[in-house]
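The values are calculated or read from the model by the stated rules, or taken from the named source; none is laboratory data. If you're wondering where the values come from, they're calculated on a predicted model, not measured in any experiment. Here the Cβ positions follow ideal geometry from the backbone for every residue, glycine too, while neighbour counts run over all protein chains shown. Keep in mind that these areas ignore ligands, DNA and RNA; they rest on the heavy atoms of the full protein, side chains included. Shrake-Rupley method; radii C 1.70, N 1.55, O 1.52, S 1.80 Å.
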Amino acid sequence: MKKKWISLMLATALTATALAGCGKSDSGSTETSGTQSSESADTQQDSGSDESASSASDSEKIVLEFFNQKVEAESLYNDVIIPKFQEEYPNVEIEVVSPSDAETVFFTRVSTNDMPDIMSIYPAEYSYQVIMQDGLLADLSGKDFLSRASEGAIEYSTYSDGKIYAMPYGLSSYGIYCNLDMFESAGLELPTTWDEMIACLDAFVASGIEKPLIFDGKGSMAQFAERLIGIVDKDFADVCEAVGKGEGSFADADKPQVRIFAEALLEMAKYAPDDVLGIGRDQGTADFCNGVYPMYVGGTFYMADILAGNADLNCTLIPIPKPDGGYSLPINVDIGLGYYVNTEHPDICEAFIEFMSRPEIYQIMADNEGTPTCIEGVDYKITALQDMSEKIVGDDTFLTLVNFWPSGWRTEWTIYVQNLLSDGDIDALITETDRICNDYYNQ
């Protein structure tokens, strides 16, 4: 296995584990150690895929570890979905592991060859594609259940060798949650442009809400910053590579992306609490659910926590407008399941992935977890995300930049974005962005 990329990622991730990627809550759950599968027995049971899945004899229990990075879905897996799977496979026990700093834990385990049987990954992202390159994931290409996902999700999940190593289930996006009752009380329409957004924030301030905007500056700043600069320029990763190869600087007039981003972020931060860098997702979600803030920056994957905090909250998620007009919506493959190529029970692992892809099963996930699904035949019913789920499959979208930056780039850059929020020094962020590009594109 190639170790260089793993060492680089761990060196950066371990310095800022709170900055880890999508779907990470600051509370999370306690990490548990991996389990070893018991020996398989001769069995015959149809999994619904193109291969029959093995089940154990009545006297044998098979234990599989499922490393789940969607921590907000842990109880749903344990309480509802896995028990339904066990109705078909009564001798299979699936242990769900959902550490709060899941990405760091996952790549630490990869580096020590401690692979789970089944794992939740983000198949479009560079870091996860490297483990595909290293042959750690089983090839799912040609499996019948892949046809249940949308063409776009399959395209985003296809590795450069043309193979599929993780079944996609959901596409995430990012924007601003708006409390519709507070907007109505203030006599405001939902903003569609940057100027309209600032006008709404000013109107809330004038109405007595001193700080009308909240975002997770403590644990999810990496996501917010990455999405916002992608909204500024969806091809920003290409420009980063050019700068890293010595083709100019972000201080140049023809490369204004970092300055535009910094000015936009600082303008939004004026309407956020002064201690926003100390506010995590749990607090931000709780305050939004309790009507403290009318606007909350976050992803579609926040929806499960919002529903848990206030199921009756009248809210919706809107795109973050581009500072120069219009919008460009960031999307990512947010839920993808694959399995370890050397698991002792590949048939059962594949059977679980197939089981999850059934529309009637994934309907349960869609109704409760909140991420817009890409499984055809599932009726998406989350009212607050209905409009966003339609925009995700539209034309004005881009794949989030973490899928193209080298491993560790986003984590290190976020440190200087946080510095920007502390000192307001845009030139310092530009200088550090140049340096990071040079470091990461010349290794």
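Taking the stretch 198-245 on its own, how many of its residues are without any contact (Cβ under 8 Å) to a residue 12 or more places away in the chain and more than 24 Å from T414 (Cβ to Cβ)?
5
Return the pair list, or none, for Cβ contacts closer than 7 Å from residues in the stretch 318-331 that are of a type in the set (V, I, T) to residues that are in a loop (DSSP other than H, G, I, E, B) and open to solvent by 40 Å² or more (accessible area, probe 1.4 Å), at least 6 apart or on different chains.
Sorted first by the residue in the stretch 318-331, then by its partner, the pairs are I318/L190.
How many residues does the stretch 280-330 hold that are part of a loop (DSSP other than H, G, I, E, B), among the β-branched types (V, I, T) and in contact with a strand residue (DSSP E or B) (Cβ under 7 Å, 6 or more places away or on another chain)? Spell out how you get there, then give the answer.
Of the stretch 280-330, the ones part of a loop (DSSP other than H, G, I, E, B) are 280, 290-294, 310-314, 319-328.
Then keep just the ones that are among the β-branched types (V, I, T); that gives 292, 320.
Then drop every residue that is not in contact with a strand residue (DSSP E or B) (Cβ under 7 Å, 6 or more places away or on another chain), which leaves 320.
Summing the residues that are part of a loop (DSSP other than H, G, I, E, B), among the β-branched types (V, I, T) and in contact with a strand residue (DSSP E or B) (Cβ under 7 Å, 6 or more places away or on another chain) in the stretch 280-330 gives 1.
Considering every residue within the stretch 66-80, establish whether at least one is assigned to a helix (DSSP H, G or I), of a type in the set (D, E, K, R), modelled with pLDDT of 90 or more and surrounded by fewer than 19 Cβ atoms within 10 Å (Cβ to Cβ).
To start, the set of residues in the stretch 66-80 that are assigned to a helix (DSSP H, G or I) comprises 71-80.
In the following step, the residues that additionally are of a type in the set (D, E, K, R) were identified as 72, 74, 79.
Filter once more, so that each one left must be modelled with pLDDT of 90 or more: 74, 79.
Okay, now just the ones that are also surrounded by fewer than 19 Cβ atoms within 10 Å (Cβ to Cβ), so 74, 79.
Scanning the stretch 66-80 turns up at least one residue that is assigned to a helix (DSSP H, G or I), of a type in the set (D, E, K, R), modelled with pLDDT of 90 or more and surrounded by fewer than 19 Cβ atoms within 10 Å (Cβ to Cβ).
Taking the condition in a helix (DSSP H, G or I) and over 30 Å from S357 (Cα atoms), does C178 pass?
Details: in a helix (DSSP H, G or I): no; over 30 Å from S357 (Cα atoms): yes.
No, not satisfied.
Of the residues I260, I229, I214, which single one is over 30 Å from E184 (Cβ atoms) and buried (at least 22 other Cβ atoms within 10 Å of the Cβ)? Don't jump to the end; show me each part of the working.
Working: I260 fails: buried (at least 22 other Cβ atoms within 10 Å of the Cβ); I214 fails: over 30 Å from E184 (Cβ atoms).
Exactly one residue qualifies, and that residue is I229.
Right, D367: open to solvent by 10 Å² or more (accessible area, probe 1.4 Å) and either at pLDDT 90 or above or assigned to a helix (DSSP H, G or I) (or both) or not?
Working: open to solvent by 10 Å² or more (accessible area, probe 1.4 Å): yes; either at pLDDT 90 or above or assigned to a helix (DSSP H, G or I) (or both): yes.
The answer is yes for D367.
Please state which of the following conditions T192 fails to meet, knowing it meets all the rest: (1) in a loop (DSSP other than H, G, I, E, B); (2) farther than 27 Å from D334 by Cα.
That leaves (2) as the condition not met.
Would you please name the residue that is least open to solvent (accessible area, probe 1.4 Å), looking only at residues in the stretch 386-426 that are without any contact (Cβ under 8 Å) to a residue 40 or more places away in the chain and of a type in the set (D, E)?
Restricting to residues being without any contact (Cβ under 8 Å) to a residue 40 or more places away in the chain and of a type in the set (D, E), the top hit is D425.
Give the residue, chosen from Y327, Y380, Y340, that is open to solvent by 30 Å² or more (accessible area, probe 1.4 Å) and closer than 30 Å to P191 by Cβ.
Values: Y380 fails: open to solvent by 30 Å² or more (accessible area, probe 1.4 Å); Y340 fails: closer than 30 Å to P191 by Cβ.
So the residue among Y327, Y380, Y340 that is open to solvent by 30 Å² or more (accessible area, probe 1.4 Å) and closer than 30 Å to P191 by Cβ is Y327.
Does I335 satisfy the condition of being β-branched (V, I, T), open to solvent by less than 30 Å² (accessible area, probe 1.4 Å) and not in a helix (DSSP H, G or I)?
Values: β-branched (V, I, T): yes; open to solvent by less than 30 Å² (accessible area, probe 1.4 Å): yes; not in a helix (DSSP H, G or I): yes.
Criteria met by I335.
Taking the stretch 107-145 as the region of interest, how many residues are under 20 Å from Y169 (Cα atoms) and either in contact (Cβ under 8 Å) with a residue 24 or more places away in the chain or surrounded by fewer than 19 Cβ atoms within 10 Å (Cβ to Cβ) (or both)? Outline the logic, then answer.
Of the residues in the stretch 107-145, the ones under 20 Å from Y169 (Cα atoms) are 116-129, 131-132, 137-145.
Pick out the ones that are also either in contact (Cβ under 8 Å) with a residue 24 or more places away in the chain or surrounded by fewer than 19 Cβ atoms within 10 Å (Cβ to Cβ) (or both) and you get 116-129, 132, 137-145.
Here the count works out to 24.
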